[in-house]
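Chemist: Next up is a structure, given as structure tokens.
The numbers here are math on the coordinates, done by the rules we state, and not lab data. Only a predicted model underlies this, so the values are computations on that prediction, with no experimental measurement involved. Please note: Cβ atoms are built from the backbone with ideal geometry, for glycine as well, and neighbour counts cover all protein chains shown.
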Amino acid sequence: MANEKILVVDDDKNICELLRLYLEKEGFHVTLAYDGAAALKEFERLHPDMVLLDVMMPGMDGWEVCRRIRQNNKTPIIMLTAKGETYDKVLGLELGADDYIVKPFETKEVTARIKAVLRRCAVPGEDDKGVYDFDNLHLDMNRYELKVKGKVVDAPPKELELLACLAAHPNRVYTRDQLLDEVWGFEYYGDSRTIDVHVKRLREKLEGASEQWCLKTVWGVGYKFEVKD
């Protein structure tokens, strides 16, 4: 793994230079931005393979930068922040972040996380992705497209990936931690409410589609894509 383009965004220039030093030693091509507006400009110019994004920045904060990137792009994002509260972690996940690292951090940890996220987010071949068809439901993960009753339904990538994870194994019960690991793919400490939020949003989009299947809560355990015999 080498030659990937990394956009590092942090208003602390010392941190930026430190990350540049270590990441370039690992073979990455690093571009720096020191505020949110500059980050978005560099993102459009560079089309990076990964964004390391500080949360607390003057002007446009990291949450807003993440939100804007996620409107049209699936580029992996790792949030960098001095905050470690559960709320911040949940918010980052809900906005589409792929990982979350709390400052102060070890540079070796950052490079290891980057490599892990890039491996998970690598675009698989056509045969490795799934197409799932149930009554009035069509989910094509080759195209990241969801159709309900024949109509395309807009849904962010993480919702589709969560639905695909459940639909790939009908009637199998997943705990919230298992779903976090399968869909977000990193060791997550703290509240797993982000799964509940994503399931709630999916249910709203799938409501009334069919009586043959449903996203069912298994109380005290987690969720499953239940298909009736």
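Chemist: Grab the Cα-Cα distance for Ala82 and Lys228, subtract it from 0.36 nm times how many residues apart they are, and report the gain in nm with one decimal. Please report the intermediate quantities before stating the final value.
Modeler: Details: separation 146, 0.36 × 146 = 52.56 nm, distance 4.70 nm.
Length gained, Ala82 through Lys228: 47.9 nm.
Chemist: While we're on this one: Add -39500 (n - 2.57) for each DSSP H run of 4 or more in the chain, then divide by its residues: what number comes out at 222 nm, to the nearest 500 deg cm²/dmol? Please list the in-between numbers first.
Modeler: Values: 8 runs with 88 residues, N = 229.
The helix-only estimate for the chain comes to -11500 deg cm²/dmol at 222 nm.
Chemist: Give the Debye-formula value of log10 I(q)/I(0) at each listed q (0.07 Å⁻¹), with one equal scatterer per alpha carbon of the chain, two decimals each.
Modeler: So the normalised log intensities work out to -0.24.
Chemist: Something else about it: Say each of Thr175 and Glu64 gets a label point 7 Å from the Cα, pointing the same way as Cα to Cβ; how far apart are those two points in nm?
Modeler: 4.0 nm
Chemist: Here is a follow-up. How many nm is it between the label spots at Asn142 and Arg120, if each spot is 7 Å from the Cα in line with the beta carbon?
Modeler: 2.6 nm
Chemist: Given points 7 Å out from each Cα along the Cα-Cβ axis, report the Val221 to Lys108 separation in nanometres with one decimal.
Modeler: Between Val221 and Lys108, the simple spin-label model gives 4.1 nm.
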